Amino acid sequence: MTADIITPRDNMIILQTERLKPKPYQVKVVQHDEIIKLIGSYFSSIRPGKKAGDPTVHHLQALQFSPDDKVQYKLSFSENSEWDALP
């Protein structure tokens, strides 16, 4: 699919309509003040592993920031992949 992205809303619409089955992607618009809250937050790294051989930042496929300051990650976009807590 080729589409012009002029505004952030255009990007949101494209993401929502990219997959219709089994259900459309859920897209949440993040406001500027939500991003500012993350600056200087409690985590210093988004690396999902700690030791050699563990996944690195390059393996991340998705990050989820919850209002209660928890960060979760996925290493795959597949439907049956689970969200794991960031160490």
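Laboratory data are not the source of any read-out in this text; all were calculated from the coordinates shown. Just so it is clear, the model here is predicted, and its values are computed rather than measured. Using ideal geometry, Cβ is built from the backbone for each residue, glycine included, and neighbour counts are taken over all protein chains shown.
Here are the numbers for the structure shown:
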| read-out | value |
| --- | --- |
| Relative exposure of Phe77, Phe65, judged by other C-beta atoms within 10 Å (fewest first) | Phe77, Phe65 |
| Region 1-28 residues near the modelled Asn80 label - backbone nitrogen below 18 Å, point 7 Å along Cα→Cβ | 22-23 |
| Per-residue ³J(HN,Hα) for region 73-79, Karplus 6.51 cos²θ - 1.76 cosθ + 1.60, θ = phi - 60°, Hz, x for Gly and Pro | 9, 10, 9, 8, 8, 5, 4 |
| Relative exposure of Thr56, Thr2, judged by other C-beta atoms within 10 Å (fewest first) | Thr2, Thr56 |
| For Cα Rg over 2.2 N^0.38 Å, calculated from these coordinates, the label among (1) 1.28; (2) 1.35; (3) 1.62 | (1) |
| Virtual spin-label span in nm between Thr56 and Ser44, 7 Å along Cα→Cβ | 1.9 nm |
| Vicinal HN-Hα couplings computed from phi for region 21-29 (Karplus, 6.51 cos²θ - 1.76 cosθ + 1.60; Hz; Gly/Pro x) | 10, x, 7, x, 4, 8, 10, 10, 7 |
| Relative contact order %, the chain, counting alpha carbon pairs below 8 Å whose residues are six or more apart | 15 percent |
| Cross-link pairs beyond the 22 Å C-alpha cut-off, checked among Lys28/Lys50; Lys23/Lys70; Lys28/Lys70; Lys51/Lys74 | Lys28/Lys50; Lys23/Lys70 |
